[in-house]
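Participant: This is the structure I have questions about; it appears just below.
Any read-out appearing in this document is the output of simple, stated calculations on the displayed coordinates, not a laboratory observation. Quick caveat: nothing in here was measured; it's all calculated off a predicted structure. Positions of Cβ are backbone-derived with ideal geometry, glycine not excepted, and every protein chain shown enters the neighbour counts.
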Amino acid sequence: MAEQRKHEQENIYREVHTVNKSKIGLIIGGIFLVASGIFGVYFILQMKKPVYEENKNNQNVQAMIVYDQISYDKITDSSSKIDLINIFKSETDKVEKPGSIKSIFLTQEINGVKTFLPFADLIKMMKLTASGSLVRSLSDEYMIGTYTNTEGTSSDLFFVFRSKDYNHSYAGMLDWESTILDDMFSVFHIDVSGDNKSLFVKPFSDTFVDNKDARVLYDINNKPLLYYVFAYKDYLIITSSNNAIKEIISRLVTQNTKPL
């Protein structure tokens, strides 16, 4: 009888021990499944998290006008005007869809956070000689882009700035005309060698682009080199292409940014 009770107690102990081990195994398995699930969700979210530098077709980034293509170019603390010029040349060398506009976003990283280059930093990096009055009359909103002509054979660079005070902006542009070519000839790849050196002292002329008053600098053969125009007084466009101006104005009208 004593031997029998001993075996029964041993069997009970084994059963309890086995059950406890099973429970522990189930608990560990459950924890593992939960942890795996959390990691899986985190991984999926990270994969879906937008990384704007690599998303070349991200149309959710707001710009001053609707664009067809997008490009992100990194700027660092050591970047100079030469680096900007190389970026602009690289972008204009890319011929996009005929009649299309590409928005160029200059990006920088500050404390691990990626942002777009502020307007003040752009002016400083480009070493523009525009007066402080002109700079203050412009808002922080700006756009840099390229326009590919309707033949799809070449692309032209453009800048669009937002004016807060038309009178000060216009007066500032008139004042800047005397040195704007010094600032911009390398940006727009304008030949100023040889006889073209006289362009530095040549005045701008009045013209019309898309029924808008504009100012233009002609070369020695009376070919347009550089335009600026105020669209609806609060959009300042600077470019070497009158067709780019027409397309920008057309898109401003289409998206009802400013009524006619």
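Participant: Count the DSSP beta bridges whose two residues both fall in the stretch 69-254, then state the antiparallel fraction as a percent rounded to the nearest 5.
Facilitator: Close to 85 percent.
Participant: Using a Förster distance of 45 angstrom, determine the FRET efficiency expected from the C-beta separation of GLU151 and VAL113, and round it to 0.05.
Facilitator: Using R0 = 45 Å, I get an efficiency of 0.60.
Participant: OK, next. At a Förster distance of 35 Å, what's the computed FRET efficiency of ASP93 paired with ASP213, Cβ-Cβ distance as r, to 0.05?
Facilitator: For ASP93 and ASP213, the calculated efficiency is 0.65.
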